[in-house]
Structure formats: C-alpha cells, structure tokens
Amino acid sequence: MKLSFQLKMIAGLSVIILLSCGLSGYLSYINQLRLFEEEVGRQYEKNVEGALSHLELRIAEMYRISNYIVFNSLIEKAVTELMHGRVQGDIGEYETHSRLEDLLRQVKLDAPFIDSLYIYDLEGRNYYFGHMKETLGSLDPEVFQQIKSRAGASSGELVWTRVRVPSYVERAGYSDAVIAARWLRSKSLGTYGLLVMVLDESLLGSPLQELFRGDRGGIYLYDAQDRLLYLKETSGTEPALAELEGGQRIRKEGGESYLYAVHSSATYNWTLVSRVSLAALQDKSRVTLQMALVSALVAILLGGMLIVLLSGRLTRPLKDLVKAMRAMREGDFNVRIQPRTHDELAFIGEGFNTMAANVRSLIEEVYLRQLSEREAELKAIQAQLNPHFLYNTLNGLYWKLYVKDDRESAELVSALSGLLRYSLERASTDTELREELRQIRNYVEIQKAFVESRFEAEIEAEETVLACAVPRLLLQPLVENVFVHAFLSGPEDKRLSVRAYAEGQVLIVDIADNGAGMEEGQIVRLLRPVSEDEGVRPSIGIRSVLRRIDLLYGEPYGLGIESSPGRGTQVRLRLPLRYRGGEGAEAWEGVEYGAAEAPCGDGRPKRPGEAGGSMTGEG
C-alpha cells in the first residue's frame with residue numbers, strides 16, 4: 001500500500017512527539033536526580049563564597065570607621081581630658097562632651113548600622129554613650145568585663161562578640177546583639193581606653209540574606225576564635241564546626257540529608273557555614289517534573305489535533321512546488337509559484353521563482369551571445385566577398401590622387417582603406433591596443449575632412465599598455481559618438497582626447513571632448529542595464545559597448561560617463577589588463593603618441609591603410 005506524503009507526515013510526527021516527550025521526561029528526571037547534588041552544590045558554594053566576599057567589605061568598612069576614632073588626636077584629647085579631670089566645672093565638661101559629639105557625628109552618618117557607641121576607660125567608666133538607636137540601654141558591667149577580657153588577647157584589631165544588651169522594646173528586656181570592640185591608642189601607642197560599638201543585625205545579616213531559603217536550613221557565622229556571631233535557621237541544631245570541612249558536602253542528620261557549604265575568609269579568618277535541606281529542594285524539582293510530564297501529554301494531544309487539521313494546508317505549498325518542478329523539467333521556464341504563506345515554504349517558493357528566472361536569463365544570455373557572434377560573422381563573410389578588388393581599387397585611387405598632388409584626398413583614401421581592412425576581421429577576435437588606436441586615428445583622419453571648424457585630436461598611451469589585448473572595434477563606437485552627437489552643435493574649436501594607461505591590473509581608456517555635453521538623465525538612460533528587448537537586436541554606440549563588456553568580462557569592468565551641458569563629456573572605459581600570448585608592452589612602429597602637436601601626415605607617399613602620428617589641424 002502506497003501512503004501519501006500527508007499520511008506519512010502525520011504518522012511520523014506523532015511517533016516523534018510520543019517518543020521525544022516520553023524519553024525526554026524520563027531522562028530529565030534521572031539526569032536531574034544525578035546532577036542535582038553536584039550542580040546545585042557547586043552553585044550554592046559559589047553563592048556562599050560571594051556572600052562571604054560581600055561580608056568582608058562590611059568588616060573592612062568597620063575597620064575604616066574604627067580607625068577614624070582610634071587614631072583621631074582630637075578625640076584622644078577630649079577623652080583624656082574627661083578621664084583625667086582636666087576640664088573646669090560642669091560647663092567645661094559640657095563643652096568637652098559637645099566637642100566629642102561633633103567629632104563623632106560623621107560616624108553616625110557614615111555608619112547607620114551602628115546602634116550605640118561607647119568609650120570606656122580601662123577601669124570601665126563610660127565617658128561617651130552615643131545613641132544611634134534609642135531602643136538600647138547602657139551595657140551592664142559584666143558585659144563590659146566580658147568584652148574587655150576578649151579584647152585583652154588582641155593586639156589592637158577589632159574584637160567581635162555576641163552578647164545580650166538591654167532593650168526597651170523586648171519583653172525580656174534584653175536582645176542579642178553583635179559587638180565590635182577595639183583598644184584606644186594614644187600617640188605614644190599606649191592604651192587609654194576601649195571603644196565598644198553595638199551593631200545592628202543587618203551589618204552581618206544583609207550580605208547573607210540571599211543564602212537563606214527558608215526551607216529547613218540555616219546560616220552560621222563564626223569569628224576567628226570559632227565563636228558564633230550570627231545565626232539564622234528554621235530547623236536543626238547548630239552544627240559542630242570542628243566536624244565540618246571546607247567546600248561543600250552532604251551530611252545526614254536525623255534521617256534527612258543536608259547540603260553544607262563551608263568557606264573561610266582569608267583576610268579575617270572568619271568562617272561561614274550555610275545549610276540547606278536537599279529534600280526541600282527535591283520537592284520543588286518533583287513539582288517541576290510533574291508539570292513537565294503534564295505539559296508533554298497536553299502537547300501530544302494538541303499536536304495530534306493540529307497535525308490532522310493543518311496537514312492539508314501545510315502540504316499544499318509542497319504540492320505546488322512539485323507541480324512547478326515537473327513543468328520546468330518539461331521545458332517551461334516561465335512557470336512561477338504563487339506563495340500561499342509567509343513562512344519557510346514561501347521562502348522556498350520564492351527561491352524556486354528566482355532560480356527559474358535565473359535559468360531563463362542564462363539561457364537567453366547564451367543564446368543572444370551566440371546570435372550576436374553568428375550575425376557578426378555573417379556580416380564579416382558578406383563584407384569579405386571580394387576584399388582584393390576593394391584593396392586594389394582603393395590603392396589605385398590613392399596613387400592617382402597622389403600623382404595629381406591631391407594629398408588631402410589621398411590621405412583620406414589611405415585612412416579609409418586601413419579602417420575597412422580592420423573592420424573586415426572577425427569581431428570576436430581580440431587585437432592589441434596599439435592596433436585599435438591606429439584605427440581610431442584612421443577614423444579621426446576621415447572625420448577631420450568633414451569638420452568645418454578648427455579641430456584638434458590628441459591620442460596618447462603608456463608604453464606598458466600598447467600590447468594589451470582588447471576586443472576589436474570597441475573604441476570606434478565611442479569616438480563616433482563624439483562626431484555624431486558632441487560636435488554636432490559644439491564649439492568652434494573642437495578638441496578630442498584619447499588616453500590609455502594602467503591602474504593596477506585595470507586598463508583605463510579615457511575619451512574626452514569639449515562638445516555639447518549631456519544632462520544627468522541622458523547619462524542614466526545610456527548606462528542602464530540592457531533589457532531583453534534591446535538584447536534581441538544588435539545595439540549601436542555606447543549600448544553596444546556596454547553589452548560586449550558585460551558579456552565578455554562582467555563586474556567590475558565597464559564604462560562610466562562624466563558630463564554636463566556645454567562643458568563636454570568624458571567617457572572612461574575599464575578593461576582587464578592582459579596581454580596576448582604573454583607578450584609585454586612594446587614601442588609603436590615608428591609612431592609616437594604624446595601631447596606634442598604636429599601637422600597631420602609627414603609628406604611621404606603611404607600605402608592604403610597606413611597612418612601617421614599625433615594629429616592636429618583645421619577641418
């Protein structure tokens with residue numbers, strides 16, 4: 001039984017959807033369980049490491065603030081005056097406290113996380129109590145002794161501890177707080193007091209907030225002496241720090257698996273421990289898996305319905321494409337596909353239309369080129385019916401005029417003979433640039449006889465380009481346009497310049513005149529691509545040159561025109577720089593081209609077809 005493409009597509013897509021959804025769901029679940037501990041563990045470890053780095057910046061900020069207080073000579077002076085009773089009366093003591101308050105006001109602005117600030121002497125007497133948070137009271141003496149004992153083992157760095165401080169808002173009258181203390185040093189590096197700062201919980205808790213997921217886990221922060229400074233947990237008990245190792249690992253506690261991430265600060269030797277329940281995260285993964293399975297089932301049902309409903313619409317453009325390809329195979333290159341959609345199938349249809357148009361264009365281009373070559377060959381055959389008779393006739397006419405001393409007519413016959421012989425060669429064969437320019441001189445000499453005003457023609461070429469291979473009779477239509485159009489209503493003193501030179505690997509031939517010029521619109525019409533209708537019959541002038549260059553060379557070679565009314569025209573021809581048979585550039589045979597002016601002809605008899613050097617003269 002032979003199934004249609006539509007049925008094959010329905011069956012194939014249904015099987016693909018069933019297998020891909022089922023297999024992907026199963027593999028996703030297995031892969032998620034296998035990689036969960038590794039991938040999530042590494043990600044969680046990076047989060048802990050980042051949080052610890054953020055916390056180090058907070059600690060460094062505390063060192064900066066404490067340095068301002070500890071090493072400030074004005075604060076030292078005010079505190080020592082109060083300690084040693086160097087102030088006079090209540091007014092002096094008030095002024096000293098006011099001065100101390102002014103010095104520490106910037107601390108309140110820079111460190112909003114400092115709830116209270118105390119300055120004690122070594123005996124525990126408090127000389128400054130700065131309230132940043134009015135809900136806290138003064139420290140108990142036993143708290144001060146606890147802080148002092150911990151600071152005693154330090155060498156001047158901040159000492160951190162977690163203690164209970166008086167609170168006016170807590171029911172118990174106390175609240176847990178983190179305290180940072182540091183010895184006050186004099187200029188002589190002697191210790192004269194103790195700086196105590198009660199810190200808000202946000203100082204340590206804010207950088208660690210992202211680690212707390214609230215799903216049966218906890219966060220624990222230890223100082224350099226492994227004393228707990230900060231904790232936040234939802235289940236379990238505080239882990240034994242000595243039993244934990246750096247990095248991330250999984251531990252069983254109370255029949256439940258926990259993912260631990262442990263990192264230590266290289267700068268302050270603090271340790272951050274983060275714990276999260278794997279079961280809580282896996283519960284979320286199972287929900288995701290269930291949703292994926294349900295979505296897969298729904299996708300299978302909807303996909304099957306859509307395939308049945310839309311298969312005909314989807315396959316219709318393919319049927320159109322198959323029909324068009326069959327027509328094209330039978331030789332109908334005018335067949336085109338009408339796109340029905342705006343998707344990839346429409347793009348394929350447009351690509352087929354472009355391909356068909358290109359194939360037709362290539363066939364017509366090859367056909368037209370062959371037709372042009374055959375027509376040119378036919379004309380050459382027709383013109384060569386009796387060339388010897390024409391040559392002998394022109395030669396006899398030349399010597400008859402020469403004997404009668406009609407030199408001007410003799411030169412005209414000689415130029416015509418050379419131009420005729422050159423034009424009878426096959427148009428498809430190349431020639432050298434020197435020969436092409438020689439025939440341009442013959443043509444100019446003929447036209448000079450019909451110009452009724454002063455006329456100057458200048459032809460020059462670089463020595464290196466004289467042997468370049470160029471298509472035969474390529475320059476003649478361009479020079480002919482000068483006499484037919486440019487000089488028709490041009491100035492009294494008519495000038496024509498033909499100059500050939502090389503630019504890199506490109507042969508440049510400039511043909512310039514001082515004739516009537518042309519409008520921009522005329523230039524655009526002359527240089528527009530040759531249409532199919534124009535290509536059916538031979539073109540003349542500039543259009544024929546454009547057509548031949550396009551057929552022989554293509555881009556980037558071609559023809560450009562610069563002109564304006566009343567200011568003349570310059571035509572620039574760009575051809576590939578190549579030589580016939582690998583020959584190099586040679587000097588012309590006794591003919592010198594340059595800017596020097598000389599009369600036309602040299603006074604000696606010439607055979608028909610021979611021409612002289614640069615020309616200038618009056619018509």
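The values are calculated or read from the model by the stated rules, or taken from the named source; none is laboratory data. Predicted model, so just to flag it, every value in this text is computed and none were measured. Methodologically, a virtual Cβ is constructed for each residue, glycine included, from the backbone with ideal geometry; neighbour enumeration extends over all protein chains shown. The area values use the complete protein model at the heavy-atom level, side chains included, leaving out ligands, DNA and RNA. Shrake-Rupley method; radii C 1.70, N 1.55, O 1.52, S 1.80 Å.
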With all protein chains present, the stretch 72-177 has a carbon and sulfur share of its accessible area (1.4 Å probe) in percent of 48
For THR315 and LEU577, calculate 0.36 nm times their separation in residues minus their Cα-Cα distance, and state this gained length in nm to one decimal. 88.9 nm
Rounded if a/c under 1.5, otherwise prolate or oblate - the stretch 89-213, Cα gyration tensor axes: prolate
Amide proton proximity set for ARG495, modelled H, under 5 Å, gap of 5+: GLU456, ASN514
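Going by average Cβ neighbours within 10 Å, how do the peptides 350-361, 465-476 rank, with the highest at the top?
Values: 350-361: 13.5, 465-476: 20.8.
So the peptides 350-361, 465-476, ranked by packing, come out 465-476, 350-361.
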Explain nothing, just the number: dipole magnitude of the stretch 80-193 about its Cα centre with +1 on each Lys and Arg Cβ and -1 on each Asp and Glu Cβ, in debye rounded to the nearest 20. 380
Name the residue farthest towards the positive end of the dipole of the stretch 461-532 from the options ALA461, LEU474, ALA500, assuming +1 on Cβ of Lys and Arg, -1 on Cβ of Asp and Glu, about the Cα centre. LEU474
Would you kindly find the accessible area of LEU573, with a 1.4 Å probe and non-protein molecules such as ligands, DNA and RNA excluded, rounding to the nearest 10 Å²? 0
Under a 1.4 Å probe, counting only protein heavy atoms, ARG125 has an accessible area in Å², nearest 10, of 130
Quick check on the stretch 155-254: take the gyration tensor over C-alpha atoms, sort the square-rooted eigenvalues as a ≥ b ≥ c, and tell me if it's rounded (a/c under 1.5), prolate or oblate. oblate
For VAL163, which sequence-distant residues (separation of 5 or more, or a different chain) have an amide H within less than 5 Å of its own amide H, given hydrogens modelled in the peptide plane? ALA177, ILE179
